[in-house]
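Asks: First the structure, which I've put down as structure tokens, then a few questions once you've had a look.
The values are calculated or read from the model by the stated rules, or taken from the named source; none is laboratory data. The shown structure was predicted, so the numbers you read here are calculated from the model rather than taken from an experiment. FYI the Cβ positions are ideal-geometry reconstructions off the backbone, even for glycines, and counts take in every protein chain you see.
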């Protein structure tokens, strides 16, 4: 499981075809990609890491607080293209991306774990939809995480 995490002052997602819009204030905008072979344990690891990642400033201006510590929100967006491989040729291959039924299940599981086990307010995009994501990156702070070591 892969994620691109951005510390944001605000972020939103819109799906015009569905008349759908979600937005958050300070927190994390997370692009989440599920790969072939990912399991429930990858989802659990990712949710725990996202909740506890200390990338928000403390009183001494050091990155020492988590999204939980600041009572921030998470905007979680499914992003199968994170599993794309463009090392050969110019068109990415997506054979490492999990099939949609697996990807959606694990994406929804990460959202549930963040909400129910980590106590965070999570807003989401729509799995598989064409989405427009807007954000104001705070810092900027952007990290890439992989559940595979």
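Asks: Are there any strands (runs of 3 or more DSSP E) wholly within region 6-109 with 3 or more residues that are under 21 Å from residue 133 (Cα atoms), and if so which? Show your work before the answer.
Replies: Values: elements: 20-24, 27-33, 63-65, 73-78.
Where strands (runs of 3 or more DSSP E) fall fully within region 6-109 and carry at least 3 residues being under 21 Å from residue 133 (Cα atoms), they are 20-24, 27-33, 73-78.
Asks: Still on this structure, please answer the following. Considering each residue of region 1-38, count those that are surrounded by fewer than 14 Cβ atoms within 10 Å (Cβ to Cβ) and over 27 Å from residue 64 (Cβ atoms), and give that number.
Replies: Matching residues across region 1-38 total 7.
Asks: Next question. Any residue that is exposed (fewer than 15 other Cβ atoms within 10 Å of the Cβ), more than 25 Å from residue 9 (Cα to Cα), in contact (Cβ under 8 Å) with a residue 40 or more places away in the chain and touching a helix residue (DSSP H, G or I) at 6+ places or on another chain (Cβ under 9 Å) - is there at least one of those in region 89-96?
Replies: Checked region 89-96: at least one residue is exposed (fewer than 15 other Cβ atoms within 10 Å of the Cβ), more than 25 Å from residue 9 (Cα to Cα), in contact (Cβ under 8 Å) with a residue 40 or more places away in the chain and touching a helix residue (DSSP H, G or I) at 6+ places or on another chain (Cβ under 9 Å).
Asks: Further, regarding this structure: Considering only region 114-123, state which residues are within 13 Å of the chain's Cα centre (by Cα) and assigned to a helix (DSSP H, G or I).
Replies: Correct list: 114 only.
Asks: Right, something else. Checking residue 59 against (1) surrounded by fewer than 18 Cβ atoms within 10 Å (Cβ to Cβ); (2) touching a residue at least 60 places away in the same chain (Cβ under 8 Å), only one condition comes out false. Which one?
Replies: Result: residue 59 passes all but (2).
Asks: If only one of 149, 126 is touching a strand residue (DSSP E or B) at 6+ places or on another chain (Cβ under 9 Å) and either modelled with pLDDT under 95 or in a loop (DSSP other than H, G, I, E, B) (or both), which one is it?
Replies: Exactly one residue qualifies, and that residue is 126.
Asks: Let me ask something additional. Here are 93, 66, 48: which of them is within 21 Å of residue 146 (Cβ to Cβ) and under 13 Å from the mean Cα position of the chain (by Cα)?
Replies: Checking each option against the conditions leaves just 48.
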